[in-house]
1. State whether one or more residues within the range B:96-114 are acidic (Asp, Glu), without any contact (Cβ under 8 Å) to a residue 24 or more places away in the chain and under 22 Å from B:Ile37 (Cβ atoms).
2. Select the strands (runs of 3 or more DSSP E) contained entirely in the range B:1-63, then report the ones holding at least 2 residues which are over 12 Å from B:Glu102 (Cβ atoms), without any contact (Cβ under 8 Å) to a residue 60 or more places away in the chain and among the aromatic types (Phe, Trp, Tyr).
3. Provide a single number: the residues in the range B:155-186 that are touching a residue at least 60 places away in the same chain (Cβ under 8 Å), at the interface with chain A (Cβ under 9 Å from one of its Cβ atoms) and not hydrophobic (A, V, I, L, M, F, W, C).
4. The conditions are (1) in contact (Cβ under 8 Å) with a residue 24 or more places away in the chain; (2) surrounded by fewer than 17 Cβ atoms within 10 Å (Cβ to Cβ), and A:Tyr74 fails exactly one of them. Which is it?
5. Read through the list (1) at the interface with chain A (Cβ under 8 Å from one of its Cβ atoms); (2) part of a strand (DSSP E or B), then give the number of the only condition that B:Tyr120 fails.
6. Condition first: modelled with pLDDT of 90 or more and either more than 20 Å from A:Met179 (Cβ to Cβ) or β-branched (Val, Ile, Thr) (or both). Now tell me which residues in the range A:121-149 satisfy that.
7. Pull up the range B:38-53, narrow it to residues that are at pLDDT 90 or above and surrounded by 16 or more Cβ atoms within 10 Å (Cβ to Cβ), then point me to the one that is farthest from B:Val78 (Cα to Cα).
8. Can you tell me which of (1) under 24 Å from A:Met179 (Cβ atoms); (2) loosely packed, with under 13 Cβ neighbours inside 10 Å is the one A:Ser60 doesn't meet?
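The values are calculated or read from the model by the stated rules, or taken from the named source; none is laboratory data. Please read all numbers here as calculations on a predicted model, not as lab measurements. FYI the Cβ positions are ideal-geometry reconstructions off the backbone, even for glycines, and counts take in every protein chain you see.
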2 protein chains.
Amino acid sequence: MNKDRGLLIVLSGPSGVGKGTVRKAFMQDAEEVQYSISVTTRKPREGEVDGVDYFFKSHSEFEEMIENNKLLEYAQFVDNYYGTPVDYVEETLDSGRDVLLEIEVQGAKQVRNHFPEGAYIFLMPPSLTELRNRIVNRGTETDDVIDNRMGVAKEEIELIDQYDYIVENDQVELACERMRAIITAEHLRRDRIAHHYKNVSEV
Amino acid sequence: MNKDRGLLIVLSGPSGVGKGTVRKAFMQDAEEVQYSISVTTRKPREGEVDGVDYFFKSHSEFEEMIENNKLLEYAQFVDNYYGTPVDYVEETLDSGRDVLLEIEVQGAKQVRNHFPEGAYIFLMPPSLTELRNRIVNRGTETDDVIDNRMGVAKEEIELIDQYDYIVENDQVELACERMRAIITAEHLRRDRIAHHYKNVSEV
């Protein structure tokens, strides 16, 4: 069987739902998927490493990437930029490997314009009460920031119709299992693989 | 979460590919899926039980079901009828359980007209050479019947574009795993479940 282009998997969802936690747990057992490291201007949280969790950049460095069309998508969120380097994604997909993006809801829409054939997964909190608890427990935000985030989260959930799948993040390991099933199924979709079987009659 | 209508899963593919073997192996570990027993006029093979593998009917009994619109689909194949009782499928789906149909390619097209929202899986042989081996090894057919079946199989594979997924039957257990991933993913599709989350803002 010829090597197909890799599958683009986009994991998004409201701020605070636990995208980073799910992504890290998922990647520990996903040898066939390459995580695309995002670029951000926000400051590293405790334990975050440059070039592993994010590429941490200054505002002026980030704006230079925008001007040079080096970003597949970018979003500004609570005074910081987040973006996805385009060359890395294209080259990895061309090599036949799947690529996972973990991005904000604003950015997912831009990626969809570029890659309509990707698998778009919306990570959903069990409830807004639970979402608020998670943001509060993170402990890095003031009350004003929390209220702001909750308002943004409600708007983000309204955009759910732009996604192919909804994965509830009730438990991290369950969310990872659901993502694995989605990726397996996407690789079996007839519109992706039928061309391998068009000549089976001549085998 | 409210109980949704069940998912209709249609397993089809060319004669001889091993649909029955895969279906039986799948159902051994699929408590949430109900297998819809087909009606047929063909004679039971060794070990097949009426009411378990098929409902075995005479030609006149089958034709009476056709006249009374009691069949979701039916197909005539090598002098025999195969069909799916419609009431059983509708009632099981309404109760919230998934239903698996294992049917011939001719029938799958009729079911799609009735249930466009189902998950349609085409079980594919690794090659036509392997398909012929499987038909020969079954040992119940004459050379003429085998040639006839191979001709039909080639035509059936041409209809692959009517399906959502292609599952290669290289190993029965692998084929079952792929089916399980497809069913999990289908239950996570946004267009099936977004209505559960439309009111999350008020939770």
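1. no
2. Numbers: elements: B:8-12, B:33-35, B:38-40, B:54-56.
Correct list: B:54-56.
3. Qualifying residue count, the range B:155-186: 3.
4. Answer for A:Tyr74: the failing condition is (2).
5. (1)
6. Selection gives A:Ile121 alone.
7. Of the range B:38-53, the ones at pLDDT 90 or above are B:39-50.
Filter again for surrounded by 16 or more Cβ atoms within 10 Å (Cβ to Cβ), leaving B:39-41.
Details: B:Val39: 15, B:Thr40: 12, B:Thr41: 11 Å.
That would be B:Val39.
8. (1) is the only condition that A:Ser60 fails.
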